[in-house]
Amino acid sequence: MSDPVFNLINSEKTRQQEGLELIPSENYVSKAVLEAAGSVLTNKYSEGYPSFDGIGKDGEFWDEARVAEEQLKNFRYYGGQENIDRIERLAISRACRLFHADHANVQPHSGANANEAVYWAWCKPGDKILAMNLSAGGHLTHGSPVTRSAHIYHFLAYGVDASGDIDYTALEKIALAEKPKIILVGYSAFMKIPDFARIAKLKDKLPDTLFMADMAHVAGLIAGGVHPNPLDFGFHVMTTTTHKTLRGPRGGMILSKGNVASPLKKPEHTLENIPILIDRSVFPGTQGGPLEHIIAAKAVAFGEALKPEFKTYAKNIVKNAKALADALKQEGFVLEGDGTENHLVLVNVKQSFGIDGKFFEKALDCVGLNLNANAVPSDKGAAFRPSGVRLGTPAITTRGLGVAEMKVIAHWMKRVINICVGIGEEARLDLGEAEFAEIRKEVKNLALKFPVPGI
């Protein structure tokens, strides 16, 4: 008898094929990425790092003699690393090429781990970190009191202005008055392109401040050349997840500028040495053994992102997002920031139609359109009854949907709203699929025309 886990995996496969994924932090990986993630590399313990001597921009120049020589200089705690070291070097070198970085640490298990490692590398407990407020679109790891890091460091917050853009005046005022150890630009529900150049000008007045960007959501857009790269404007560090728009396996990464050297010897605590400090912070500071099967999958994804067709993909993500935003406005939805400049759209459904985001999320699940309830700036709703929903286009663009389909999706969403408005408050608690059967059939028919890659 087979393990029922595999029946559930097949059920999830069917769900993905028959529905449309609108969650902006999700995507579909290629068959090659799936194969690497499910490889025998999961059997290997590889605490530590490969040697960084001679890492070049191609990462694929290792002959057998060089491999043997490098094995004598690696920084692993276990033997048998000749293949692992080459794979991790390859992931590092490809990441550096993609993002114009001096170094990449590809070991973080998640974006949250990556952020915590940077904090630990540069800050002491109680140090100040300035980041975007969660209610304005920031991420939990940027200072939310429910996280561990918020109990270790002193987080200060900036927000957004009436247009939905960063309140740069407030950011600058707080930064100059408080002199934080880190200024962090990053977000999980923000539709504008940050003015990295303006923020980086603060470096002259804050010489001991680390300038950090959490680009987890838009890393694929940066790699594809349709979003500016904060490292090109003088930021010291960029963290990211490796899924979302980057279309790799679920994981994290830290990119940095500065000296690259052995992490065994503790370096001087300077901004120039931040790559070494980060390596020491990841291991042994905040993580144990790296997931080398996932690192291999990251390397494959980075290789795919270096190909010319990835630039086309990134352009289409933004094109579809803007088309979806325009279509939603035509259907009567109120959008935060009045639209989008990236892959993400934040809809205020409470203001639009008097319905909370969680109920709308549940209703859309019934028709096979998956997104997530999300707070909007200055939201009065409770954490699990926010006023908005967050949606985006990375996954559906991977499947090949275009501008015409964005209009169809927006119309389906309005039809679902019309049904929801007609359902009483008490009935909403027992919402089932019967009310949405016709729309569900239409979603399934369209979804099956655009196969999910890799499965």
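See the values below:
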item	result
Options Tyr313, Gly392, Gly368, ranked by Cα towards positive dipole end of region 310-447, top entry (Cβ charges)	Tyr313
Rounded FRET efficiency, nearest 0.05, which uses the C-beta distance separating His151 from Tyr77 and R0 of 30 Å	0.50
Part-to-part distance (alpha-carbon centres) for region 343-401 and region 159-221, which is given in Å	25 Å
Computed [θ] at 222 nm, deg cm²/dmol, the chain (DSSP H ≥ 4; -39,500 (n - 2.57); rounded to nearest 500)	-12000 deg cm²/dmol
Packing rank of 21-28, 328-335, where each peptide gets the mean count of other beta carbons within 10 Å, highest leading	21-28, 328-335
Lys44-Ser2 FRET efficiency (beta carbon distance; Förster radius 35 Å; 0.05 resolution)	0.80
Linear extension gain, Ala177 paired with Asp338, 0.36 nm per residue minus alpha-carbon span	54.7 nm
Alpha-carbon centroid distance for the pair region 254-310 / region 86-122, whole angstrom	3 Å
Mean Cα-pair separation over length for region 322-455, i.e. relative contact order, pairs under 8 Å, 6 or more apart, %	26 percent
Sorted peptide list for 241-249, 446-454, 268-276, criterion being average Cβ within 10 angstrom, highest first	241-249, 268-276, 446-454
Order by protection proxy (mean Cβ within 10 Å, highest first), peptides 407-418, 8-19, 154-165	407-418, 154-165, 8-19
Extension gain, Lys311 back to Lys380 (0.36 nm per residue minus Cα-Cα distance, nm)	20.9 nm
Label-reachable residues, region 347-385, where backbone N falls under 14 Å from a point 7 Å from Val421's Cα toward its Cβ	349-356
Label point distance in nm, Asp195-Ala437, each placed 7 Å from Cα along Cα→Cβ	5.6 nm
Sequence-separation-based contact order of the chain, relative, with Cα cut under 8 Å and 6+ spacing, percent	22 percent
Among [x] 34.3, 108; [y] 21.3, 71; [z] 22.6, 73, the entry that matches Rg and Dmax of the Cα atoms in Å as calculated here	[z]
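Every read-out reported here was derived from the displayed coordinates using simple, explicitly stated rules and does not represent laboratory data. As the structure is a computational prediction, the values presented were derived from the model and not from experiment. With ideal geometry, Cβ positions are generated from the backbone for all residues, glycine too; neighbour counts draw on all protein chains shown.
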